[in-house]
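Working notes for the structure below.
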Amino acid sequence: MTSASSAPQVMKTNKPDDISEDIYVGFVRSLFTGAVILLLGALTQGLIGLLVYWKTGAPIYIFLAILMAAASLGRYLSILRVDRETIVGYQSAQRWERYYIFWGTVQGFCVGIFAFVSLYVVPDSFGEIAAISVVLASTITIAGRNFGSRKMVIILSLSVLLPISFGLMLKGDFYNFMLGLFIIPFIFTINKMGDLVRTVLFTALSEEKKANRIAERFNRALNTMSHGLVMLSSNGRVVVANAEAAHLMSFNSPDALLGRTIHSLLMRGVAGGMLALKDCKFIEGQLTRALSEGRDRKVLVSLSNGQYFEFSAREGSQQLGVITFEDVTQRVEAEEKVRTMARYDSLTGLPNRAYFHELVVETLFTGDRDRCCGLAVLDLDDFKSVNDTLGHPVGDGLIYAVAERLAAFASDTVKVSRFGGDEFMIFIDHVEDESHLTGILDRIFAGLQGEIDVAGHALRIQASGGAVISRVRDTEVDAMIVKADLALYKAKELGKNGWRLFEATMDEAFRSRQLMKADLRAAIETNSLRVVYQPIVTMDTMRIASCEALCRWEHRDLGPISPAVFIPLAEEMGIISEISHFVLQAACAECARWPEKITVSVNLSAKDFRSRAVIDRVRNALSTSGLAPHRLEIEVTETALLDDKSLTRQYVEELKLLGVRIALDDFGTGYSSLSYLHKLPLDKVKIDRSFLMDVSQNSRSLELLKGVVNVSRSLGLAVTMEGVETFEQLRILSHEVKPDLVQGFLFGSALTASGIATMSTTVWPFAKDMQSAKREGTR
């Protein structure tokens, strides 16, 4: 075998400018294939030369026969000596093309000399026919055999056809001369045919290369997806699968999935004990329906080993169905963890206030409506002194111990909750009468008695309580809580360490509420309410970025009334939307006068989202004030989402079309479903202050807060942390949690509109302290 370095250096050849190196190398390699035809040509040409000698007796034909046979045989052997795999790269291909041209030129001139001698030197009619036959046979193969080298085609067509053309013209007569002249155009024809073959093959190779490149990119993209993907043909069989699909379904390669149906793939899970047969049928039905209906559908699948897979089905193009799936175990576990921690108190593990309210409401709407139920509120006596004298960790230990003792009484009919701080709530279903409720509560209070040891401190549990009994048909949870609170206040008035049942004489508080309702309605009608603004500060710059509009009521006799008092009253009276409208109009008007960089946030109640009028009110407020829509943020509560999810979502989307921003307010106090963050067109999540209360002492609370922030941010949502009251909380937020915005009493009380305008360029004085703390934290 001949090496590339030993190839003859006969003539210089240049690679065509219009083809790539790999195609040029391929063309040169094609010259060294099919050599056996040259061996047949050597035999045939030698025999024809001898046959002419036999006919004419001219010795020159013996020489020409040997010459043609030797040239063809030499060219054949030269091709056999070449290993096509050694032709790599442009330089190597050039050398081997020159080597091929040399032997081709030798053979072409030998054929041409034989034709010239037969036509002119030793003319004979049989010799002329023989010469034309040899030339005809040679020219047929010129373009097809040698298209890989344009110069070889040119040299062979000239060396084979020009001698026969000259031989005819030299005969001297008109007809032979013209015939020889007419042969010359065939030289150009053969060259054009060679070019055409090269062009056709070049185009085919280029398109194949392009298709392979596209296929390679598609394959790379397909097999680097984090999701498993299969594509189904119209008959429901897998025609495309990626590597992740094979991995998730425990196949060795994607090819093993091809030709299988969804049913057979799911049955693998059934056979392996990972999936129940009924679940297999349900999943197959859901995916098949989605593909047939042309609608996107997602199915979450729980496997027996604790894993969760999410399947998504959609109809693709050209009647191809697309199914993607992924292991979402971590996401589901994270959602469940956040959901659990948002529903249950992080210290005691008892249901929190919102979840307790939800559980009680669900219980009241089931069963016999004529039965009685009871509700009790418990409050630890002098708990503040424990925190103040022994510290919050000891106080938390006391709370935990009380929760443990109360949890022992929990059952299907008794629900226990930590309502917040040192307050606990107990709901008792199926109460026969007052004596029955009294017996239950006496046992509970007796179970609380005694001393406990908390961090070496002997503490005696002492609590006060208030209770109410009511018929389910006439019961509202909030009304029961109010009555139980009234009874609790009475118990504390009577010396604490005991409980009282609500009595009619305590109803005076309700009459006071009625008077306050009338005054509140009058205040709204006379525009006696006012709006103040709580600064919302950016975490990075410690400057005001936005403000939350808050309503305030100054009673003519009682003085300032807390929003925690009059807002629930307004909701109870059904006039909360009027307050929302008043605050919205005032906030937009004031914000329009503030610097452009400051925005305003307005809370809308659940009742506001029960009517399309909310859209018109927001639009009118923007139009009247001239405020740019992006400077207004509407805060939506989880309560509004629970009331009527589909309608609320529709109204939120319409508000979003106006250009205003949407925030989910008090996240963590309600149902706290992550589906809200995923499905609603939100811009921001405002995390409730309850997440921050013990974040400096409880690492679990800190991890929960960080998890909520990270989940929200991964969904592209800005994060505001509410209830920042101490520098320590701000420091932890800056170092560990890193929300986008913060608000709370640490930045002062709510300001008037003019106060916000004045403070718009102010940097809070402890911003430098925050920078110092950051530097120390990075050492």
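Quick notes
- Among the trypsin sites (Lys or Arg not before Pro) within the stretch 432-501, not one is in coil by DSSP while having at most 10 neighbouring Cβ atoms inside 10 Å.
- Per residue, the stretch 37-122 exposes 45 Å² of solvent-accessible protein surface, assessed with a 1.4 angstrom probe and all protein chains in place.
- Helix 392-407 vs. the chain, principal-axis angle (Cα, 0 to 90°, nearest 10): 90 degrees
- Between the listed residues LEU350, PHE566, ALA640, the Cα displaced farthest toward the positive end of the dipole of the chain, a dipole computed from Cβ unit charges relative to the Cα centre, is found at ALA640.
- The stretch 247-373 - percent of accessible surface contributed by carbon and sulfur, probe 1.4 Å: 50 percent
- Summary of the geometry: the stretch 484-542 and the stretch 251-306, compared by the centres of their Cα atoms, lie 56 Å apart.
- (i) 17; (ii) 49; (iii) 25, with the label sought being that of the calculated percent of Cα pairs over 49 Å apart: (ii)
- The chain - mean residue ellipticity at 222 nm from DSSP helices (-39,500 (n - 2.57) per run, n ≥ 4, rounded to 500): -17500 deg cm²/dmol
- Part-to-part distance (alpha-carbon centres) for the stretch 99-136 and the stretch 23-60, which is given in Å: 11 Å
- For the stretch 226-385, accessible area per residue (1.4 Å probe, heavy atoms of protein chains only), Å²: 50 Å²
- In terms of accessible area, using a 1.4 Å probe and ignoring ligands and nucleic acids, LYS738, LYS192 rank largest first as LYS192, LYS738.
- With every protein chain in place, the stretch 87-170: carbon and sulfur % of accessible area (1.4 Å): 76 percent
- With respect to the chain, whose longest principal axis is taken over its alpha-carbon atoms, helix 60-80 is tilted by about 20°.
- Helix 434-448 and the longest principal axis of the C-alpha atoms of the chain enclose an angle of approximately 70°.
- Solvent-accessible area per residue for the stretch 501-659 (1.4 angstrom probe, square angstrom): 46 Å²
- Each Lys or Arg adds one and each Asp or Glu subtracts one; over the other residues with Cβ under 11 Å from the Cβ of ASP422, this totals -3.
- Net charge of Cβ neighbours under 14 Å - reference ALA58; Lys, Arg +1; Asp, Glu -1: -1
- For the set LYS597/LYS738; LYS384/LYS496; LYS337/LYS483; LYS337/LYS684, the pairs lying more than 25 angstrom apart at their alpha carbons are LYS337/LYS483.
- Counting only lysines at least 8 places from LYS210 when in the same chain, those with an alpha carbon closer than 24 Å to its own are LYS15.
- If only the Cβ of Lys and Arg carry +1 and only the Cβ of Asp and Glu carry -1, the dipole of the chain around its Cα centre is close to 4260 debye.
- Within the accessible area of the stretch 378-477 (1.4 Å probe), percent carbon and sulfur: 46 percent
The values are calculated or read from the model by the stated rules, or taken from the named source; none is laboratory data. What you see is a predicted model; the values in this text were computed from it and never measured. Using ideal geometry, Cβ is built from the backbone for each residue, glycine included, and neighbour counts are taken over all protein chains shown. Only protein heavy atoms, including side chains, enter the accessible area calculation; ligands, DNA and RNA are left aside. Shrake-Rupley method; radii C 1.70, N 1.55, O 1.52, S 1.80 Å.
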